[in-house]
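Notes to accompany the following structure.
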Amino acid sequence: MDDKSLRPRSKQWYWLFLLPFIGTLWPPFYAHERPIVAGFPFLYWYLLVWVLLVGIISAIVFAITG
Amino acid sequence: MNWSAFIVFVILFALVTVVGFWAARWRKADLTLLEEWGLAGRRFGSFITWFLIGGDLYTAYTFIAVPGLVYGAGVTGFFAVPYTIVVFPIMFVVMPRLWSVCQANGYVTPADFVRGRFDSRGLSLAIAITGILATLPYIALQLLGIQVVLEAMGVTGTGIMHDLPLIIAFGILAAYTYTSGLRAPATTAVIKDTLIYITVIVALIVIPARLGGFGHIFAVANTHLLAAPKPASIFLGPKGYWAFSTLALGSAFALLMYPHAITGVLASKGQTAIKRNAVFLPLYSILLLFIAMFGYFALAAGIHTKVSSLVVPLLLLKEFPSWFAGFAFAAIAIGALVPASIMSIAASNLWTRNIYKEYVNPTATTADESRVAKLVSLVVKLGAVIFVVALPLVYAINLQLLGGIWILQTLPAVMLGLYTRWFHRSALLIGWLVGMVIGTVMAASQGFVSIFPLQLGGLVLPVYAAVWATLANLLVSVVLTWIFNAVKMARGVDATTPAQYQDVAAGSIGA
């Protein structure tokens, strides 16, 4: 990376962005029916939670690295 | 003819028309400059950018096609959710770099960047043509969104009368895009999203209550899906894993390579605005998840249709009073206008900068560029109308599917090019060609389906064809780069400098 030497510390937080990839692109984690929440089978509310989490993770990275 | 729905629809459509023309005076600047017409002067803050990119990515076609897919194929259609989850981290990391290098060098299109970075007219032309080819069917499909809601309201006729309302709607769109440039979709996107959010929230409150709650909806939908001639399910089985995740991953990277997405990003005033948007754009993904649920709502509500694009309109007509159905239809139609406008601007920018100026009139002034881009935006929309009116719809759908595969083939040059100049320009060009051919052949061989089951030894991997094609593209690019470097083939001169990719700390630019 061209700018690693210029801002070495802040970019490390970008590794947090691997979490949503692992969490949502590996179906064996969530392709289940149970537990059901508010009528939603697991897969559906699990993905909904990840939508919120990805926003939170981005917000954290944004707050730290600007 | 459903008059109360139609009257509400016409009133909202008129409002958007007024705003679209008014946009030319908003943040007034010299619209004879391409920077102003095509990128609105790169001055949009976080708030407007949110609407612009949201309007860009969540199109009428999305609102019609995703529930339509869920209605027929069940959980498979929900790949759109992980897709719109992982797309934003990619945007957060990659797009500020693209913005920064483009701003520093006055680049308007991704092909401009590739031209400067790799000093290659051929590669730049390939990127521009891919972008235009991928965008045109996408614009045509936005028309489908307008067409289905008009049909659902009973606006029908024979011959030219059948297509007249559609032609009028697109004529208005073409006129205000011509006069206001990117300012038009940016302002009308605010109306579009307000209508869409209201529609979805009301639908979520009203429809599940009428249909006996979410638990019941899932159960009934599953029964219907299992009993269908081509059985599907609301549950994802191991056989569907590969398709589900590769569609999500491939689509996420493809989305950010689309010219209209890049135009939206480049029009923002800075890296901070882009990152802030990566934080807040997932709000649309919540919306998308619930819109996908409309497919199950329709199954539970007993909607029967063979035409998947009619699933949502029929559901809205059945479950809402007709005036509110008109409101929802306006939301969908305006949801078609906003992205169609941005897409036509993005395609015009590519044509003007990377084909017209590069090959037709190298001495073109900025005023010439803007004039040509405006005219091309009209031509592009005219082409889209002809496409939809004169040809079977399946052409546009198949081409849009291919477009997603094609646009991903620009990733090595555009996205990896932001990080490294290691690749040889000729290797990237040949890799692109290989990816285009392989992706097209794979999709066509399955009868225009995105998933290609590749046999590897004893293992059959059903993976999104765009992903296979991109892997081939990368492999060829890497191997040929080694070879071309070994034989010392000329690499050209990089017009960009490392500092131009630099992240700017918050506050310095466009806080």
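Could you please let me know if B:Ala104 is within 16 Å of the chain's Cα centre (by Cα), among the small types (Gly, Ala, Ser) and at pLDDT below 95?
Spelling it out, it is not the case that B:Ala104 is within 16 Å of the chain's Cα centre (by Cα), among the small types (Gly, Ala, Ser) and at pLDDT below 95.
Taking B:Ala227 as the residue in question, decide whether it is open to solvent by 10 Å² or more (accessible area, probe 1.4 Å), in contact with a Pro (Cβ under 8 Å, 6 or more places away or on another chain) and not basic (Lys, Arg).
On the way: open to solvent by 10 Å² or more (accessible area, probe 1.4 Å): yes; in contact with a Pro (Cβ under 8 Å, 6 or more places away or on another chain): no; not basic (Lys, Arg): yes.
Spelling it out, it is not the case that B:Ala227 is open to solvent by 10 Å² or more (accessible area, probe 1.4 Å), in contact with a Pro (Cβ under 8 Å, 6 or more places away or on another chain) and not basic (Lys, Arg).
With the structure loaded, tell me whether B:Arg42 is under 19 Å from B:Gly264 (Cβ atoms), charged (D, E, K, R) and in contact with a strand residue (DSSP E or B) (Cβ under 9 Å, 6 or more places away or on another chain) or whether it fails that test.
In short, yes.
Taking the conditions exactly as written (over 21 Å from A:Leu43 (Cβ atoms), surrounded by fewer than 22 Cβ atoms within 10 Å (Cβ to Cβ) and either β-branched (Val, Ile, Thr) or within 14 Å of chain A (Cβ to nearest Cβ) (or both)), does B:Ile205 satisfy them or not?
yes
Considering only residues that are in a helix (DSSP H, G or I) and more than 16 Å from B:Leu310 (Cα to Cα), which ones fall in segment B:50-66?
Within segment B:50-66, B:Trp50, B:Phe51, B:Leu52, B:Ile53, B:Gly54, B:Gly55, B:Asp56, B:Leu57 qualify.
So B:Val87 passes all but one of these: (1) under 20 Å from the mean Cα position of the chain (by Cα); (2) open to solvent by 10 Å² or more (accessible area, probe 1.4 Å); (3) more than 30 Å from B:Val220 (Cβ to Cβ). Which condition number does it fail?
Of (1) under 20 Å from the mean Cα position of the chain (by Cα); (2) open to solvent by 10 Å² or more (accessible area, probe 1.4 Å); (3) more than 30 Å from B:Val220 (Cβ to Cβ), only one is false for B:Val87: (2).
Please specify each residue of segment A:48-60 satisfying the condition of being more than 7 Å from every other protein chain (Cβ to nearest Cβ) and either in contact (Cβ under 8 Å) with a residue 24 or more places away in the chain or within 17 Å of B:Asn222 (Cβ to Cβ) (or both).
Of everything in segment A:48-60, those that are more than 7 Å from every other protein chain (Cβ to nearest Cβ) and either in contact (Cβ under 8 Å) with a residue 24 or more places away in the chain or within 17 Å of B:Asn222 (Cβ to Cβ) (or both) turn out to be A:Leu53, A:Ile57, A:Ile60.
Examine segment B:477-485 for a residue that is in contact with a strand residue (DSSP E or B) (Cβ under 6 Å, 6 or more places away or on another chain), crowded, with 16+ Cβ neighbours inside 10 Å, polar (S, T, N, Q) and not in a strand (DSSP E or B), and state whether such a residue exists.
No, segment B:477-485 has no match at all.
Report yes if B:Tyr61 is open to solvent by 20 Å² or more (accessible area, probe 1.4 Å), among the aromatic types (Phe, Trp, Tyr) and under 21 Å from B:Thr177 (Cα atoms), otherwise no.
Yes: the conditions hold for B:Tyr61.
Looking for whichever is among the hydrophobic types (A, V, I, L, M, F, W, C) and part of a loop (DSSP other than H, G, I, E, B) here; the options are B:Leu31, B:Leu69. Which one fits?
Working: B:Leu69 fails: part of a loop (DSSP other than H, G, I, E, B).
The unique qualifying residue is B:Leu31.
Which ones in segment B:410-435 are closer than 15 Å to B:Ala490 by Cβ and not in a loop (DSSP other than H, G, I, E, B)? If you could, list the steps in order and put the result at the bottom.
Going residue by residue through segment B:410-435, those that are closer than 15 Å to B:Ala490 by Cβ are B:421, B:423-429.
B:Arg425, B:Ser426, B:Ala427, B:Leu428, B:Leu429, listed by residue number.
For B:Leu315, state whether it is at negative phi, out of contact with any Ser or Thr (no Cβ under 9 Å at 6 or more places or on another chain) and surrounded by fewer than 22 Cβ atoms within 10 Å (Cβ to Cβ).
No; evaluated as a whole, the condition is false for this residue.
So the check is Cβ under 9 Å with 6+ separation or different chains; which pairs have a first residue in segment B:157-169 that's in contact (Cβ under 8 Å) with a residue 40 or more places away in the chain and a second one that's hydrophobic (A, V, I, L, M, F, W, C) and open to solvent by 40 Å² or more (accessible area, probe 1.4 Å)?
Close Cβ pairs satisfying both conditions: B:Asp163/B:Val389; B:Leu166/B:Val389; B:Ile167/B:Ile160; B:Ile167/B:Val389.
Tell me, which residue of segment B:180-191 that is out of contact with any Leu (no Cβ under 8 Å at 6 or more places or on another chain) and open to solvent by 10 Å² or more (accessible area, probe 1.4 Å) is farthest from B:Ser377 (Cα to Cα)?
Only one residue tops the list, namely B:Val190.
Test B:Leu236 against the stated conditions and say whether it is over 16 Å from B:Leu299 (Cα atoms) and not in a helix (DSSP H, G or I). I'd like the intermediate steps shown before the answer.
On the way: over 16 Å from B:Leu299 (Cα atoms): yes; not in a helix (DSSP H, G or I): yes.
Against the criterion (over 16 Å from B:Leu299 (Cα atoms) and not in a helix (DSSP H, G or I)), B:Leu236 qualifies.
Any idea how many residues of segment A:17-47 are more than 7 Å from every other protein chain (Cβ to nearest Cβ), over 15 Å from B:Gly237 (Cβ atoms) and open to solvent by less than 50 Å² (accessible area, probe 1.4 Å)?
3
Looking at segment B:293-310, can you tell me whether even one residue there is open to solvent by 10 Å² or more (accessible area, probe 1.4 Å), within 12 Å of another protein chain (Cβ to nearest Cβ) and at pLDDT below 90?
No, segment B:293-310 contains no residue that is open to solvent by 10 Å² or more (accessible area, probe 1.4 Å), within 12 Å of another protein chain (Cβ to nearest Cβ) and at pLDDT below 90.
Out of the residues in segment B:141-193 meeting the condition of being under 13 Å from B:Pro339 (Cα atoms) and outside any helix (DSSP H, G or I), tell me which one is nearest to the chain's Cα centre (by Cα).
B:Leu182
Looking at B:Ile397 and the list (1) β-branched (Val, Ile, Thr); (2) more than 30 Å from B:Leu69 (Cα to Cα); (3) open to solvent by 30 Å² or more (accessible area, probe 1.4 Å); (4) under 19 Å from the mean Cα position of the chain (by Cα), which single condition is not satisfied?
Answer for B:Ile397: the failing condition is (2).
With the structure loaded, tell me whether B:Phe118 is more than 13 Å from chain A (Cβ to nearest Cβ) and either open to solvent by 20 Å² or more (accessible area, probe 1.4 Å) or out of contact with any strand residue (DSSP E or B) (no Cβ under 9 Å at 6 or more places or on another chain) (or both) or whether it fails that test.
For B:Phe118, the condition - more than 13 Å from chain A (Cβ to nearest Cβ) and either open to solvent by 20 Å² or more (accessible area, probe 1.4 Å) or out of contact with any strand residue (DSSP E or B) (no Cβ under 9 Å at 6 or more places or on another chain) (or both) - is met.
In the list B:Phe214, B:Phe218, B:Phe235, which residue meets the criterion of being closer than 30 Å to B:Leu316 by Cα, open to solvent by less than 10 Å² (accessible area, probe 1.4 Å) and within 14 Å of chain A (Cβ to nearest Cβ)? Let's see the steps before the verdict.
Values: B:Phe214 fails: open to solvent by less than 10 Å² (accessible area, probe 1.4 Å); B:Phe235 fails: open to solvent by less than 10 Å² (accessible area, probe 1.4 Å).
Exactly one of B:Phe214, B:Phe218, B:Phe235 is closer than 30 Å to B:Leu316 by Cα, open to solvent by less than 10 Å² (accessible area, probe 1.4 Å) and within 14 Å of chain A (Cβ to nearest Cβ), namely B:Phe218.
Scanning for something within 14 Å of chain A (Cβ to nearest Cβ), over 20 Å from the mean Cα position of the chain (by Cα) and either at pLDDT below 90 or open to solvent by 20 Å² or more (accessible area, probe 1.4 Å) (or both), does segment B:247-266 turn up at least one residue?
Checked against the condition, which is being within 14 Å of chain A (Cβ to nearest Cβ), over 20 Å from the mean Cα position of the chain (by Cα) and either at pLDDT below 90 or open to solvent by 20 Å² or more (accessible area, probe 1.4 Å) (or both), segment B:247-266 yields no hits at all.
The values are calculated or read from the model by the stated rules, or taken from the named source; none is laboratory data. In this text the structure is predicted, and so the values were computed from the model without any measurement. Positions of Cβ are generated from backbone atoms using ideal geometry, with glycine treated the same way; all protein chains shown enter the neighbour counts. Surface areas here come from the heavy atoms of the whole protein model, side chains and all, with no ligands, DNA or RNA. Shrake-Rupley method; radii C 1.70, N 1.55, O 1.52, S 1.80 Å.
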